[in-house]
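The values are calculated or read from the model by the stated rules, or taken from the named source; none is laboratory data. What you see is a predicted model, and the numbers here were worked out from it, not measured in a lab. Note: ideal-geometry Cβ built from the backbone for every residue, glycine included; neighbour counts use all protein chains shown. Remember, those area values only see protein heavy atoms, side chains included, never the ligands or the DNA or RNA. Shrake-Rupley method; radii C 1.70, N 1.55, O 1.52, S 1.80 Å.
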Amino acid sequence: MAERITPRDKDYSRWYTDVILQAKLADYSPVKGCMVIRPNGYAIWEKIQHILDGMFKATGHVNAYFPLFIPESFMKKEAEHVEGFAPEAAVVTHGGGEELEEPLYVRPTSETIIWSMYKKWIMSYRDLPILINQWANVVRWEMRTRLFLRTTEFLWQEGHTAHATREEAEEETLRILEIYRKFAEEYMAMPVIVGRKTENEKFAGAVNTYSIEAMMQDKKALQAGTSHYLGINFAKAFDVKFQDKDGELKYVHATSWGVSTRLIGALIMTHGDDDGLIIPPRLAPVQIVIVPIWKEATRATVLEYSERVYAQLKERFSVKLDDRDQYKPGYKFAEWELQGVPLRVEIGPRDVENNQLVLARRDTREKIPVALNEMVPKIEALLEDIQQSLFNRALQMRQENTFTLDDYHEFKEVLEKGAFIRAHWCGSGECELKIKEETKATIRNIPFDEPEEEGKCIYCGNPSSRRVIFARAY
């Protein structure tokens, strides 16, 4: 199996695709630019959905569903928004064998259709806030596609909230950003940089866009989640006003935010190795696989013991007993390693005799004999250690490949090797675009934790008050 995966240092892009195909996460669709998410990949998405959905609901959000089709006139009501999405739009012009009176956009995002409904639902300050999320698919007509990272159709969640004041809306935007950070770091074991996007990089139609940015193993950045304060732009476009406590009519303040199946791509590129996927235990659909090892004479004994172990473990963990006859243990080991299961339990005749089992870690390949009566606490501790170790390993890689630079020539040289660069920027969109043209690097965000510091712009030399993060990105 692993021999069918191209090594990362030989061709990182090919390695990424090989892992997806060999681990049966997804496959190419007959429709160009689209993908089929296979059960192994969808199981990860279901875990992502389940965890995030709980986090959203814990902060008062509820789920709803809005139509896939959006009237063209709705899209055109917010000029910056339609301009931003027009190049990626898929438009339906015919239905039922006839030309439509008005073309329908296949949803690239749902702000316009949702705000047309909010106009009906919001009359008074008593109707606010509205905290709605939807789990849906969207279509963006991408020219260059890559499985999970950028496909014509993808799955995501998109939250859309309505508030009485800017302060409430901004607070909501940052609350969601913190949920995304917590999910990325505590469940995906993926360290992220949290900050605000520049004017050039913000969402079409937003006042402010905030993001979490992660470093992949090839030293490129991946935008893993965004949260937007939309101001009153969409409220104005759809004339959504409310009567406040003093009887005055005011526009409603909006937010939107989302993460997508791109997170599965992030998971692969943050933790995977040349043998396949590595899934952090808190996100793993299968945390433990039990592989019995027998010869015909010991088959019944080993299987009976393995079933007892399985019965004990399934009460606490997500566990699978691989008792397939048609495959040898070595094949099973490679298959489950490829699919990224964090912990393997090996049970052979000698383990049965000694009332023990052997635990094999996916991240380090270390094998640990454990007595049967110590199994549960030992596994709990090991899974937590794997979770933390994966985070620490990814954080160390980012730290070792993040450089603080003040010279533009050195900036360009370091970028060629792949890196995050902390550099001063004067705030000029023109400088930002020039750097992008010359180096293909973008400002990933302006980190919240970046201290104020007097300096000179890496490009033009004009005064700057803090550093930002530059990187090439997916």
Rounded to the nearest angstrom and ordered from largest down, what semi-axes does the equivalent ellipsoid of the range 388-474 get from its C-alpha gyration tensor (root of 5λ)? 23, 15, 11
Going down the list K47/K77; K182/K219; K182/K456; K120/K202; K10/K220, which pairs span over 26 Å between their C-alpha atoms? K47/K77; K182/K456; K120/K202
Going by amide H atoms built from the backbone, whose H comes under 5 Å of the H on L321, apart from near neighbours? I290
Expressed in angstrom and rounded, the centroid-to-centroid distance over alpha carbons for the range 303-347 and the range 133-171 is 37
Report the one residue of I44, T152, Q287 whose Cα lies farthest in the direction of the positive end of the charge dipole of the chain (charges on C-beta: Lys and Arg +1, Asp and Glu -1; origin at the Cα centre). Q287
Scan of the chain for trypsin sites (Lys or Arg not before Pro) in DSSP loops with at most 14 other beta-carbon atoms within 10 Å gives a longest site-free stretch of 33-143
Per residue convex hull volume, Cα atoms of the chain, in Å³: 176
Charge tally for neighbours of V291 with beta carbon under 12 Å away, counting Lys, Arg as +1 and Asp, Glu as -1, is -1
Given charges of +1 on the Cβ of Lys and Arg and -1 on the Cβ of Asp and Glu, with all other atoms neutral, how large is the dipole of the range 330-471 about its Cα centre, in debye to the nearest 20? 360
How much accessible area per residue does the chain have, in Å², with a 1.4 Å probe? 45
The range 309-437: translational diffusion in µm²/s, Stokes-Einstein, Kirkwood Rh over Cα pairs, 20 °C, 1.002 mPa s: 114
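Taking the Cα centre as origin and putting +1 on Lys and Arg beta-carbons and -1 on Asp and Glu beta-carbons, what dipole magnitude results for the chain, to the nearest 20 debye?
For the chain, the charge dipole is close to 720 debye.
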Sequence gap of 8 or more, or different chains, plus Cα separation below 26 Å: how many lysine pairs satisfy both in the range 275-424? 17
Return the sequence-ordered ³J(HN,Hα) values of the range 372-381 in whole Hz as given by the Karplus equation 6.51 cos²θ - 1.76 cosθ + 1.60 applied to θ = phi - 60°, using x for Gly and Pro. 4, 6, 10, 4, 4, x, 5, 5, 4, 5
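Helix-derived [θ] at 222 nm for the chain: sum -39500 (n - 2.57) over DSSP H runs of at least 4, divide by residue count, nearest 500?
On the way: 14 runs with 166 residues, N = 474.
-11000 deg cm²/dmol, from helical runs alone.
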Magnitude of the charge dipole, the range 226-284, Cβ model with Lys/Arg +1 and Asp/Glu -1, debye to 20: 280
So, relative contact order of the range 83-220 in percent, Cα under 8 Å, 6 or more apart, is 17
Sorted by accessible surface (1.4 Å probe, heavy atoms of the protein chains only), largest first, M117, M190 come out as M117, M190
Rounded to a whole %, the carbon-and-sulfur portion of the accessible area of the chain at a 1.4 Å probe is 48
For the charge dipole of the range 1-132, defined by +1 on Lys and Arg C-beta atoms and -1 on Asp and Glu C-beta atoms about the Cα centroid, which residue among A89, P129, W115 has the Cα displaced farthest towards the positive pole? P129
When a/c is below 1.5 the answer is rounded, else prolate if a/b is larger than b/c, else oblate, so apply that to the range 308-375 with a ≥ b ≥ c taken from the square roots of the Cα gyration tensor eigenvalues. rounded
Among F317, N355, Y331, the residue whose Cα sits farthest towards the positive end of the charge dipole of the range 313-391, when +1 is placed on the Cβ of each Lys and Arg and -1 on the Cβ of each Asp and Glu, is Y331
